[in-house]
Amino acid sequence: MPSFKVNVIIENKPEISDPEGDTILHDLVLKGNNVAVKKIRSAKMLKFEIEAKNRKLAEKTVMDLCNEFRIYNPLVSQVLVESLES
């Protein structure tokens with residue numbers, strides 16, 4: 001059975017404040033005079049390696065696990081799932 005690397009990226013929804021991203025922007029980037037940078041959003045990434053029949057099933061299995069174990073809060077977070085065959 002093929003093996004897939006599935007990345008789950010969890011970040012605050014656009015309308016939810018992101019203090020970590022704001023701190024990085026204001027205290028690190030702009031103090032370094034990088035005025036071309038206008039916004040930074042922070043996120044967390046979980047990396048899974050999973051065996052599945054196909055990529056779609058690997059992504060669904062990982063998403064089901066994230067939902068079952070409440071890995072993220074759907075009220076304030078959005079999730080992006082990316083996968084690659086190992």
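Rule-based calculations on the coordinates, nothing more; no lab input. Here the structure is a predicted model, which means the values were calculated and not measured. Glycine gets a Cβ as well: all are built from the backbone with ideal geometry, and neighbour counts include every protein chain shown.
As a quick test, which of the pairs Lys13/Lys39; Lys5/Lys39; Lys38/Lys60; Lys5/Lys31 have an alpha carbon distance above 26 angstrom in this structure?
In this structure, Lys5/Lys39; Lys38/Lys60; Lys5/Lys31 exceed 26 Å between Cα atoms.
How large is the charge dipole for the chain, taken about the Cα centre, if only the Cβ atoms of Lys, Arg (+1) and Asp, Glu (-1) carry charge, to the nearest 20 debye? It would help to have the intermediate numbers written out before the result.
Working: 13 positive and 13 negative charges, 35 e Å.
Its charge dipole is roughly 180 debye.
Taking a point 7 angstrom from the Cα of Lys53 along the C-beta vector, which residues in the range 1-30 have backbone N less than 13 Å away?
The answer is 1-2, whose backbone nitrogens lie closer than 13 Å to the label point.
Compute log10 of I(q)/I(0) for the chain with the Debye formula, placing one identical point scatterer on every Cα and leaving out solvent, at q = 0.18, 0.25, 0.26 Å⁻¹, to two decimals.
-0.80, -1.10, -1.16
Charges on Cβ only, +1 for Lys and Arg, -1 for Asp and Glu, centred on the Cα centroid of the chain; of Asn34, Met63, Asn12, which one is farthest towards the dipole's positive end?
Farthest along the dipole direction, towards plus: Asn34.
Pull out the extension gain between Leu46 and Lys31, defined as 0.36 nm times the separation in residues minus the alpha carbon to alpha carbon distance; nm, one decimal. Kindly include the intermediate steps, with their values, before the conclusion.
Numbers: separation 15, 0.36 × 15 = 5.40 nm, distance 3.04 nm.
Separation in residues times 0.36 nm, less the Cα-Cα distance, equals 2.4 nm.
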